[in-house]
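Take a look at the structure set out below.
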Amino acid sequence: MNHNLTSSVLLAIGALSVTIAQADTTGNRYGFPVLYKSEISSAKAWLDVSQSSRHDDHEDTENQLKPVILDVRRIEEYVAGHPVGAYSIPFPHVTGTPSEHNDSTNYIGYKITADPVDVGFLATDGKDGTLPIQSFVDYVESKFPNKDQPLYLLCATGHRSVQAANALAKYGHYTQIRNIWEGYNGQPKYAYTGPVPTVSEDENVEGEFNFIQLDLNNDGFLDGNDRDGWAFFQNLPTETKLVKKRLFKSYISLYTAH
């Protein structure tokens, strides 16, 4: 790549970065509001957790709180496989998928339209469940009463977990909430391929960035296995074992139904 081309790439990326930095809803892969402390990668989350010995009170010998992974996916997703040692506290969908407002048929979920700005960005057409959002926060508080407890939230792709993280930060006033941005499954990964967009005199990026999907596992196929999440490209430890103290006791009977 010649000097002029390199400069153009840097200018384009720089201008794009400025645009992003000025947005009001940055900080996670979906551009949603961020009320929690920060994002964290799957690998770093597992490193933190695995280096900490596990105790019932989540503290070590130096009285330091140990990080805990909260899997906020549906119960059926958790049963199919989850990070080793993760707690199951589903949000906003406990089980099933809503088909209509206040759906009571094979669906249990939280009412998130009560906070559409900071938390309820997944709520569409009022199909967001019947349980009060505060019940989710109350349950987490019953398990982890210390507001400085490091809690790492995970869903399938880092979408629902942002919502849950915001709820815990806003209503629970937790100070050490982090969102595992890739999630359990993750998303496909892409590499940039030219042509390089140009930057106009008013510093607007003109043209389109072109991307190609990557074969992350190098098996010659582009499929669901080429995702960047905990259980795929990251290839971090998972399990299907169900430990009673880590299950969502409000609906514990549902774990054996799947």
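Net length available on complete extension from Asp223 to Ser250 is 6.1 nm, with 0.36 nm assigned per residue and the Cα-Cα distance removed. Residues whose amide H lies under 5 Å from that of Ile69, counting only those 5 or more places away or on a different chain, are Tyr87, Tyr152; hydrogens are built 1.01 Å from N in the peptide plane. With R₀ fixed at 35 Å, the C-beta to C-beta distance from Tyr139 to Ser200 puts the FRET efficiency at about 0.10. Here the range 104-150 has 51 percent of its accessible surface on carbon and sulfur atoms, given a 1.4 Å probe and all protein chains in place.
Note on the range 115-258: with charges restricted to the Cβ of Lys and Arg (+1) and Asp and Glu (-1), its dipole about the Cα centre is near 1340 debye. Each residue of the range 179-189 was assigned a 3J(HN,Hα) from its phi angle through the Karplus expression (A = 6.51, B = -1.76, C = 1.60, θ = phi - 60°), giving 9, 7, 5, 7, x, 6, 8, x, 10, x, 10 Hz with x at Gly and Pro. Applying 0.36 nm per residue to the separation of Asn146 and Ala43 and subtracting their alpha-carbon distance, the gain on full extension is 34.6 nm. With protein chains left intact and a 1.4 Å probe, residues in the range 139-258 average 52 Å² of accessible area per residue.
When the range 139-258 is described by a simple charge dipole with +1 on each Lys and Arg Cβ and -1 on each Asp and Glu Cβ, the residue from Gln163, Trp181, Leu214 located farthest towards its positive end is Gln163.
Among the listed pairs Lys127/Lys244; Lys66/Lys147; Lys37/Lys147; Lys127/Lys147; Lys143/Lys170; Lys37/Lys245, those whose Cα-Cα separation exceeds 20 Å are Lys127/Lys244; Lys127/Lys147; Lys37/Lys245.
The shape of the range 163-225 comes out oblate: with a ≥ b ≥ c from the C-alpha gyration tensor, a/c is at least 1.5 while a/b does not beat b/c.
The values are calculated or read from the model by the stated rules, or taken from the named source; none is laboratory data. The model shown is predicted, which means the values in this text are computed figures rather than measured ones. Ideal geometry is used to build each Cβ from the backbone, glycine not excepted, and the neighbour counts take in all protein chains shown. The protein model used for the area step is the full one, side chains on, heavy atoms only, and it has no ligands, DNA or RNA in it. Shrake-Rupley method; radii C 1.70, N 1.55, O 1.52, S 1.80 Å.
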